[in-house]
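Written below as structure tokens is the structure these notes are about.
What follows draws every value from the coordinates through simple rules; no lab data is involved. These figures come from a predicted structure and were not determined experimentally. Positions of Cβ are backbone-derived with ideal geometry, glycine not excepted, and every protein chain shown enters the neighbour counts.
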């Protein structure tokens, strides 16, 4: 069974024809262009296209690593070798006390690192008695989602408030 539309003439026929052509062009244009994400892709040979894809993958990996605060391996290091790239807590020694008075480096006796797995309530403490220590590697900790904060201890044993917590996912 076939349907037929009544024949139109004049301006109405031209409008319907023009509309039909526009709709056809909108449907066909993406198909003819191949829906390409990158205009360079159609101009590249297969080997170059592979290199572009590899570069995009490396950039995505680099962005992901940067999001988690980890450095990406450099060109000399294989991708699976992160032994010297372990996450590390780092901070700067405070120059003032909580009341606003100055705090000289010689008045700091050490630091306390408070940490916990995010699903637990109790914090554990890592005491650091060397005032010059402002970095702590996390490579000895088991995998998990952690929260860390640091406080400063002066020579009289007074402890500052804890720093704002830092979230770290160790995998």
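Between residue 161 and residue 93, what is the FRET efficiency for a Förster distance of 22 Å, r being their Cβ-Cβ separation, to the nearest 0.05? Here the calculated transfer efficiency is 0.90.
Cβ-to-Cβ counts within 10 Å put 103, 95, 158 in ascending order as 95, 158, 103, the fewest first.
One decimal place: the segment residue 102-residue 129 gains 7.6 nm when fully extended, by the rule 0.36 nm per residue minus the C-alpha distance.
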